[in-house]
Structure formats: C-alpha cells, structure tokens
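Computed from the coordinates by the stated procedures, all read-outs in this text should not be read as laboratory data. Please read these numbers as outputs of a predicted model, since none were measured by experiment. So basically every Cβ, Gly included, is an ideal-geometry build from the backbone, and we count neighbours across all protein chains shown.
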Amino acid sequence: MRHKARTARADLDQVLAAGFVCHLGVVVDGTPMVVPTLYGATADTLYLHGSVAGRSLLGAAAGTVCVTVTHVDGVVLARSVFEHSANYRSAMIYGVPRPVVDDEEKLAGLRVLTEQVVPGQWDYARRPNRKELAATALLALSLEEASVKVRTGPPDDGDSPDAELGLWAGVLPLSTVWGTPVPDPVLPPDVPLPDHLRRG
C-alpha cells in the first residue's frame, strides 16, 4: 500500500492536529500492550500522560514504542466485499520516549496536552499542584521517525467487471462532532458556560 504513504511533514502535523487520542504500543515484562491514552503535539514532540503507577508508561520509557493515531473519514462500499475499504488518515510514531521529570517542562507538556483536547481549558481550570504533578507521568516522544498513510476517494472497482452488476457503490462519510455541553449535576445554576466551550 505504498501509494497511501505520505512523506510531507505537513501530513503528519495534520493527522496529529485533528485528534487527541492515540494508542501506545509497548512491551512490558515481555508482554505486548496497546494502551489508549491522550496526547498533545508540538512541532517536534508528542507528549503522552498517565499515572506514575501505570505499567505501560513505566515500561515505555525502557524501550522502543509505537504510537498510532487514526481518523476514519468514511466506509468505502464497493460492488464486491473484497474491494470494501475505509477512507482514513493515520500516523505511526516510533522511538524511545523520554520521561519528563522537570516540573517546569512537565507543566508545559501538560498544557500542550490539555490544549490539544480542549483549547482554552488550561487557562480556565486550576493548574496541577505539586502533589498532582508528582502523581502524573509524562513521556516525551520525538516526532523524528513517523509513518503517515491516507486513503481517500471512491471504491476501486468502478472499472472492473463488477461495475456491471448494477449494485450501489460509494462512500458512507463519517465525522465526529462535539455535542452540547452537559453541566455537572452539582454545579450551581449561576455558573456560566465558559466562552471557550461555546462552539457555533
């Protein structure tokens, strides 16, 4: 599937900017684990976070990991099941992550991660205190080694004998949208929704 590969750095940046959930593949005590977690990306670094007691993050710092980010944009329905596919954008990042131990860098990395998920939330909410920082593990992974693949467009069997079958073929688009914010049940009614959460 080399035709789906993208080599421009902008393609990697676009895949990372479009989401905030990744899967961390790591070997812990000889056993492979794939763990979903949140991420934040800068121009050259991917930040991953979790609990200091988490075996996956502790194991990740001991060897090479693979982090994947995938966005499904649609299901491609062809005339034959064999030709079915999906339109997607994906990235795989490889490397040995570095544990972030400096409090100042950890705060900066957590800010990147928080802003990746909900822009504006870092400045709105209370910042982590010293105890919370100590309980949080943060890994920094270089974006130097990455692979990006993208698939777009209609089914590939439009010029095959199956095109004569008279069956519908095309793409079922898929998109993710934010819903209406739901307040905490114990939130006093006079606490307004912050501006950064008002979408549209």
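Over the Cα atoms of the chain, each weighted equally, I'd like the Debye log10 I(q)/I(0) at q = 0.08, 0.11, 0.16, 0.19 Å⁻¹, rounded to two decimals. Log-scaled intensity ratios, in q order: -0.38, -0.66, -1.10, -1.30.
Rank these for me by crowding, 44, 162, 190, going from fewest to most other beta carbons within 10 Å.
190, 44, 162
Computed on region 99-160, with alpha-carbon pairs under 8 angstrom and 6+ residues apart, the relative contact order is 43 percent. The GNM of the chain, with springs linking C-alpha atoms under 10 angstrom apart, assigns the highest mean-square fluctuation among 75, 65, 26 to 75. Relative to the longest principal axis of the Cα atoms of the chain, the long axis of helix 103-117 lies at roughly 40 degrees. Pairwise Cα separations in region 83-200 fall into 10 Å bins from 0 onward with the following percentages, short to long: 9, 23, 23, 22, 14, 7, 2.
Once the chain from residue 117 to residue 196 is taken as fully extended at 0.36 nm per residue, the excess over their C-alpha distance is 27.2 nm.
Calculated mean residue ellipticity, 222 nm, the chain: -5000 deg cm²/dmol, from DSSP H runs (n ≥ 4) at -39500 (n - 2.57) each, averaged per residue and rounded to 500.
Lys and Arg at +1, Asp and Glu at -1: add these up for the other residues within a Cβ distance under 11 Å of residue 80 and post the number. Value of the local net charge: -3. Couplings for region 64-70, taken from phi via the Karplus curve 6.51 cos²θ - 1.76 cosθ + 1.60 with θ = phi - 60°, read 6, 10, 10, 10, 10, 10, 9 Hz in order; Gly and Pro are left as x.
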